[in-house]
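Enquirer: Quick one: structure below, then a few questions.
Nothing in this text is a laboratory measurement; each read-out follows from the coordinates by a stated rule. Small disclaimer: the values here were computed from a predicted structure and weren't measured. Ideal geometry is used to build each Cβ from the backbone, glycine not excepted, and the neighbour counts take in all protein chains shown.
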Amino acid sequence: MNRRQFLLAATAWPALSCSGRLFAAPAGSPRFLFVFLRGGYDCNSFLVPYSSDFYYESRPTIAIARPDANHPDTALPLDADWGMNPVLRDSIYPLWQKKQAAFIPFAGTDDLSRSHFETQDSIERGEPLAQGGHYRSGFMARLSSVLTGVPAIAFTNSLPLSFQGAAKDIPNISLRGDTKAHFDERQSAILAGMYKHTALASAAADGLSLRTTVSMDLQNEMITASRGAPNASGFAQETRRIATLMRDQYRLGFVDVGGWDTHVNQGNVTGGLANNLRNLGDGLAAYAAALGNEWNDTTVVVVSEFGRTFRENGDRGTDHGHGTVHWVLGGKLHGGRIAGEQVAVNRQNLLQDRDYRVLNNYRDVYSGLLGRMWGLRGDQLQTVFPQSRPRDLQLV
């Protein structure tokens, strides 16, 4: 690591302390984690509209079969119209049964570009499309600015647009893969000495101690929790680490997960998308379990930039779409239901004869959700989501 790289690493962490000396949120205060699925996941392979004959006509090779108790690879029934992909049987489905999960179909943004990057940016900014907006002002940064005593963190390699433009420092760290310290004690002492008696001294010390502290805390906790068994890999491992930091020190978090762009050989209950869904479900269930009783004060939302075409394409995959399905999870959620405005799943109700419509604008839905969580005033909600029309779906 050269001097410039070290400075970037050190100054990115002016506020993070795993000891809890800098951040200590009040017990019982709300906790919010925003999970962004980058790539536009196929919501119809998650929340299956099994009562729709049109669904099965549109997907001759990738549809998920109607619920059948005698066959494990069929949709898990949620109500008379919707089912869940069976790869989530042991993770998200139990949360649904405990009314700790709800799903919002026909959700999304007004952006019709079907561009990954443009729509992702639109969601992270949280501003109306008609407004020019501030391209480096994210809705979670604005949420952080109107909240008091609610420490925030992004579990990403670099600070996401969602958290950019904040009036206060927002730390970020990726907990995927290696968490070992990059420097031994001698190297750390030499590097810290370079910045002694300078304005960067404190930031440098925090940056150098971060990996060591995180590594020690997480290794000790995961060994204890696993009782000697091997740790789960992938997203489940990451969310356990996230829970370690969110439980006591942070109340506002962001994490993203890639790999959802499935144009070819998408599969249904097997294949790449099913593996991604299984990994995501295992991770979210692990996060809930790792929080213990603190899960009761927690709300998690799962969002993607858009859905995918209702019909499968010639390569047994799906292409960029529009409306999608958002997930809301939490220990005290008023869940076990499909929430928000809905229409019958048929050809007549498709947008441009290809996609789900957006009937539940995410800015309105999350304005209502966050307002209910923190008791925010109307003017504060307008700061977070300008020109939104808060919709309280009474999920919390």
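Enquirer: Does region 310-392 classify as rounded, prolate or oblate by the C-alpha gyration tensor (a ≥ b ≥ c root eigenvalues; a/c under 1.5 gives rounded; else a/b over b/c gives prolate, otherwise oblate)?
Expert: Judged from the Cα gyration tensor, region 310-392 comes out prolate (a/c at least 1.5, a/b above b/c).
Enquirer: Assuming 0.36 nm per residue, please report the length gained on full extension of the stretch ALA189 to SER174 beyond their Cα-Cα distance.
Expert: Numbers: separation 15, 0.36 × 15 = 5.40 nm, distance 2.40 nm.
Between ALA189 and SER174, full extension yields an extra 3.0 nm.
Enquirer: Related question: Within 11 Å, Cβ to Cβ, of VAL150, how many net charges do the neighbouring residues add up to if Lys/Arg are +1 and Asp/Glu are -1?
Expert: +3
Enquirer: List the aspartates and glutamates whose alpha-carbon lies under 19 Å from that of LYS332, not counting same-chain residues fewer than 8 positions away?
Expert: Result set, ordered by chain and number: ASP248, GLU294, ASP297, ASP392.
Enquirer: Same structure, new question: If each of THR270 and ALA130 carries a label point 7 Å out from its Cα toward its Cβ, how far apart are those two points in nm?
Expert: Each label point lies 7 Å from its Cα, and together they span 5.1 nm.
Enquirer: Quick check on region 34-151: what are the equivalent-ellipsoid semi-axes from the Cα gyration tensor, as sqrt(5λ), descending, whole Å? Write out the running numbers ahead of the final one.
Expert: Details: eigenvalues 235, 77, 23 Å².
Whole-Å semi-axes of the equivalent ellipsoid: 34, 20, 11.
Enquirer: How far is it, in nm, from the label point at GLN342 to the one at ARG66 when both lie 7 Å from their Cα along the line to the Cβ?
Expert: Distance between label points: 1.7 nm.
Enquirer: Report, by chain and number, residues whose modeled amide H sits under 5 Å from the one on VAL48, excluding near sequence neighbours (fewer than 5 apart, same chain).
Expert: GLY83, MET84, ASN85
Enquirer: Next question. Could you check the simple spin-label distance between ARG357 and LYS99, using points 7 Å along Cα→Cβ, in nm with one decimal?
Expert: 3.1 nm
Enquirer: Residue by residue through region 356-371, which ³J(HN,Hα) values in whole Hz follow from phi under the Karplus form 6.51 cos²θ - 1.76 cosθ + 1.60 (θ = phi - 60°), with glycine and proline marked x?
Expert: Once θ is set to phi - 60°, the couplings for region 356-371 become 5, 6, 9, 9, 10, 5, 4, 5, 6, 5, 7, 4, x, 5, 5, x Hz.
Enquirer: For ALA167 and SER29 in the same chain, what is the full-extension length gain: residue separation times 0.36 nm, less their Cα-Cα distance, in nm?
Expert: 47.5 nm
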